[in-house]
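Undergrad: One structure, pasted below without further comment.
The values are calculated or read from the model by the stated rules, or taken from the named source; none is laboratory data. This structure is a prediction, so every number in the text was calculated from the model and none was measured. Using ideal geometry, Cβ is built from the backbone for each residue, glycine included, and neighbour counts are taken over all protein chains shown.
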Amino acid sequence: MYFKQMLNDACGCCSYFIASRDSKEAVVVDPAFDVQPYLDLARERGYTIKYVIDTHLHADHVSGNRRLAAATNAQVCLHQSAEVAFPFRRLADGDELLVGQLILRIMHTPGHRPESISVLVTNPPRSPVPSMVLTGDTLFVGDVGRPDFGGPSGAEQQYRSVHRLFNLEDFVEVFPAHFEGSCGKGMCGRPSTTIGFERRFNPWAQLEETEFVERAAEMPARPLNMTAILRMNSGQADYDSLAMSCAAAEVPSMTVEQAADWLRAECPFVLDVREPTEYGSAHMPGASSVPQADLALRLDEIPRDRDVLVVCASGARSLNAARFLRGLGYERITNLAGGTNDWVRAGYPVKSQAVPSAA
């Protein structure tokens, strides 16, 4: 067996290239938008990519599944419940994909998303049982994936899916789809772990179902460009701008003290990328609410001929949003370091205004 974990530091995502050295067949799991590294690897080693699997419909980055399949004639594979507008091989719990002598068995592990799956990998010449599992956004190193706005029912599914994974043998290696990012607050940062280690030391493994559900059902901020990314990954739309979602363009930042003087002198456009409920509770006077999840769909609301100050709660979300805009050619972008929290702590004025959630 050939196995390669490929890390994307800009997005905190992992993808996987698995191949049989005997048959020269390969599978790519959770491919990034830039598919050239997979094509290069296949060409260098003489492998033929047979399957392209996404463990779920990603909400924080654009999948390269169809681009890779078009370049290789591979089959795109998703769980049978995936709601997409393109043809794919429908996978059910317990299905097996053969890649040479390798056996990839599908586990339906809903919770993060209804169509979420994990992929058990068995190499029979080495062992008759799985030696590794690709857990998508169900189980991370030191964390679990948050239910993707499924509320209590999604959290209950997540609890059952995580504990189904914990029933695997201790020695099974765990390879998640993230090593950092918005999908889990407590990820360790290591790119892999084992079932035995997570069963013993993952904080979520120690919780009873009631507490697990209460914590997991809390609504986090939606990821940058989530609305457009889900539409693109489901085949409902195509947005060229999303290729820049993981861009790390450099943008300047300023403190709230600097911003207070600058706002009075220059009257920039203030872009608040927090969730509507956050914005409604307290925001900088004159700030416009465009949640980061909807940013790519509302670019026409953001002026290119004015200075733009991007604001969130602490400065982290706004920095990523500002980098995205800078990558699209917005030249006059500045991030507010410390965000609204520092603005309030410094005693500067705020306003409250309820705004409707984006559809």
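Undergrad: Please determine, by comparing only the residues of the range 250-277 that are at pLDDT 95 or above and hydroxyl-bearing (Ser, Thr, Tyr), which one is nearest to ALA346 (Cα to Cα).
TA: Ranking the candidates gives THR255 first.
Undergrad: What's the number of the condition GLY94 fails, among (1) touching a Phe, Trp or Tyr at 6+ places or on another chain (Cβ under 9 Å); (2) more than 21 Å from LEU230 (Cβ to Cβ)?
TA: Going through the list (1) touching a Phe, Trp or Tyr at 6+ places or on another chain (Cβ under 9 Å); (2) more than 21 Å from LEU230 (Cβ to Cβ), GLY94 breaks only (1).
Undergrad: Scanning the range 136-174 for residues that are more than 14 Å from THR194 (Cα to Cα) and acidic (Asp, Glu), which turns out surrounded by the most Cβ atoms within 10 Å (Cβ to Cβ)?
TA: ASP137
Undergrad: Would you pick out the residues in the range 278-302 that are in a helix (DSSP H, G or I) and within 22 Å of TYR348 (Cβ to Cβ)?
TA: Matches in the range 278-302: GLU278, TYR279, GLY280, SER281.
Undergrad: Being crowded, with 16+ Cβ neighbours inside 10 Å and among the aliphatic types (A, V, I, L, M): is that true of VAL129 here?
TA: No.
Undergrad: Across the range 34-63, which residue is farthest from the chain's Cα centre (by Cα) among those that are among the acidic types (Asp, Glu) and surrounded by fewer than 22 Cβ atoms within 10 Å (Cβ to Cβ)?
TA: GLU44
Undergrad: Give the residue, chosen from VAL251, VAL213, VAL270, that is in contact with a Gly (Cβ under 6 Å, 6 or more places away or on another chain) and surrounded by 15 or more Cβ atoms within 10 Å (Cβ to Cβ).
TA: Working: VAL251 fails: in contact with a Gly (Cβ under 6 Å, 6 or more places away or on another chain); VAL213 fails: in contact with a Gly (Cβ under 6 Å, 6 or more places away or on another chain).
That would be VAL270, the only listed residue that is in contact with a Gly (Cβ under 6 Å, 6 or more places away or on another chain) and surrounded by 15 or more Cβ atoms within 10 Å (Cβ to Cβ).
Undergrad: Answer yes or no: is there a residue in the range 329-336 that is farther than 24 Å from ALA10 by Cβ, more than 25 Å from the chain's Cα centre (by Cα) and not acidic (Asp, Glu).
TA: no
Undergrad: Another question, then. I'd like the full set of residues that are in a loop (DSSP other than H, G, I, E, B) and out of contact with any Gly (no Cβ under 7 Å at 6 or more places or on another chain), limited to the range 75-91. Lay out the reasoning, then the answer.
TA: Applying the first criterion (in a loop (DSSP other than H, G, I, E, B)) to the range 75-91 yields 80-88.
The answer is GLN80, SER81, ALA82, GLU83, PRO87, PHE88.
Undergrad: Could you grab me the full set of residues in the range 104-136 that are touching a residue at least 24 places away in the same chain (Cβ under 8 Å), assigned to a loop (DSSP other than H, G, I, E, B) and either farther than 23 Å from TYR2 by Cα or of a type in the set (Gly, Ala, Ser) (or both)?
TA: Across the range 104-136, the qualifying residues are THR109, PRO110, GLY111, HIS112, ARG113, PRO114, GLU115, SER116, SER131.
Undergrad: Let me ask something else about it. Report the residue count in the range 318-343 for those that are closer than 16 Å to MET226 by Cα and hydroxyl-bearing (Ser, Thr, Tyr).
TA: Number of matching residues: 1.
Undergrad: With the condition kept exactly as written, say whether any residue in the range 194-209 is assigned to a strand (DSSP E or B), surrounded by fewer than 24 Cβ atoms within 10 Å (Cβ to Cβ) and in contact with a Pro (Cβ under 9 Å, 6 or more places away or on another chain).
TA: no
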